[in-house]
1. GluC sites (Glu not before Pro) within the range 306-388: which are DSSP loop residues with at most 14 other Cβ atoms inside 10 Å?
2. Loop-only chymotrypsin sites (Phe, Trp or Tyr not before Pro) in the range 45-154, please: DSSP not H, G, I, E or B, and at most 14 other Cβ atoms within 10 Å.
3. Can you run phi through the Karplus equation (6.51, -1.76, 1.60; θ = phi - 60°) for the range 189-206 and list ³J(HN,Hα) in whole Hz, with x for Gly and Pro?
4. Give the accessible area for residue 46 in Å² (nearest 10); use a 1.4 Å probe, count only protein heavy atoms, and leave out ligands, DNA and RNA.
5. Mind putting a number on the dipole of the range 296-388 about its Cα centre? Charges go on the C-beta only, +1 for Lys and Arg and -1 for Asp and Glu, and I need it in Debye to the nearest 20.
6. Putting +1 on Lys and Arg Cβ atoms and -1 on Asp and Glu Cβ atoms, find which of 176, 102, 159 reaches farthest to the positive end of the dipole of the range 70-176.
7. Quick one: pull the percentage of alpha-carbon pairs in the range 280-388 with a separation above 21 Å.
8. Cα-based Rg of the range 71-218 per 2.2 N^0.38 Å, rounded to two decimals?
Amino acid sequence: MAFAKLPVLSPLPLPENTVEVGQASKKGWVVYEVRPGDTLAGVAARYGVDPRHIIWSSGLQSDRLQVGQRLLIPLVAAEDRPPRVPPGVEVYRVRPGDTLQGVASRYGVSVLDLVSANPSLESLDRLVAGSVLYIPKRAKGLVLTLPEGETLVDLAARFGLSPVAVARANGVENPTELRPGDLVLLPGIEAKTTYQRLLAKQEEERKARLEAERRRQEELRRLAEERRRQQALAQQRTRVVPRTQTQRVQAQRPQVRRVSYQEGAMRWPLSGFRITTYFGQRGAYQRYHTGIDLAAPYGTPIVAAKAGQVEVAGWSSVGYGFHVVLDHGGGVETLYAHMSRIAVRAGQWVEAGQVIGYVGSTGWSTGPHLHFEVRVGGVARNPLAYLP
């Protein structure tokens, strides 16, 4: 926060169509930097000024403050007396949550009466907490601030009123005793133009809010529809095939010819497994599957499907992860992929049924399983043709 008393400064330029309100005597300003938790009403109360004077001096468009924002707070010299308020007009300090309609109902006056007594109002819906409202309790009319260089007589003449009637309504015997900055009640004058302008502004804001809500609801409906579409697609991808359909699909699979051990038959490399992916084309947009996937718990022992020599035992750069390749002679090889751990080394001879590694999920894998391949002359064959 920074404080500094400045010399007499020119206030920030006012927006067009701005009605000046009882501006505080220009004896200087305090430059105040907004801190977290500050409100316009709180800052105004701290310095004993009307929040609207801070809005005017600082060129604010609303009563909302931002941390770090610099405010010009007008100071009033101690010898200056407060502006004179006409008799029958009560000064009311706006409380949080107040509305113009609520205040009007509380005091038994109309909203037009309040607008006439407060022609500088910017909205019929929003009031600045801590600001001042003038309530016409016993006398109704237009309440204005006596401008510099004018008298009550001048003000009465401008509105076509009798100076005597205006003086009587303001409780003064000598019109010259009013000073610039004092409030003057012009009896019988209503701020109908201002009221109609505020009503039109209120209607525009209402329509803008309705349009914003319509767009928000439309966006919410679009997002909900998109979520439903995505969920439907996800359900289609993960849909469980009915049992009868599964049986039909399995019946349509090409039947493989079983061969004997003499022709190269092998044993299953795992126990306690289930086949999750078969050999061959898996779908229009999926890669050709060169083996079968056997799902089993992590760490399940993997055994050699047939006796042979360990050709490869290590890490694969093409997605097999930790894997082993056995050479069984005659151009026949078997591959065991996605191991969690390898139990043999390259060049070693293994017997059928000997442990060569353990089930894992290394490489391109979505869960613990064994990818098992049979190759003949370097070409992948359906392993089910070689298994009992």
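The values are calculated or read from the model by the stated rules, or taken from the named source; none is laboratory data. All of these numbers come straight from a predicted model, not from anything done at the bench. Note that we place each Cβ from the backbone using ideal geometry, even for glycine, and neighbour counts take in every protein chain shown. Ligands, DNA and RNA are stripped out before the accessible areas are found, and what is left, the full protein with its side chains, is counted by its heavy atoms. Shrake-Rupley method; radii C 1.70, N 1.55, O 1.52, S 1.80 Å.
1. Values: sites: 311, 333, 351, 373; in loops: 351.
Qualifying residues, ordered by number: 351.
2. Working: sites: 47, 56, 92, 107, 134; in loops: none.
Answer by residue number: there is no such site.
3. 8, 10, 8, 5, 5, 4, 4, 5, 5, 5, 5, 5, 5, 4, 5, 4, 5, 5
4. The accessible area comes out at roughly 120 Å².
5. Numbers: 5 positive and 5 negative charges, 20 e Å.
For the range 296-388, the charge dipole is close to 100 debye.
6. About the Cα centre, the residue reaching furthest to the positive side is 102.
7. Values: 1765 of 5886 pairs.
It works out to 30 percent of all Cα pairs.
8. On the way: Rg = 17.9 Å, N = 148, 2.2 N^0.38 = 14.7 Å.
Working it through for the range 71-218, the quotient is 1.22.
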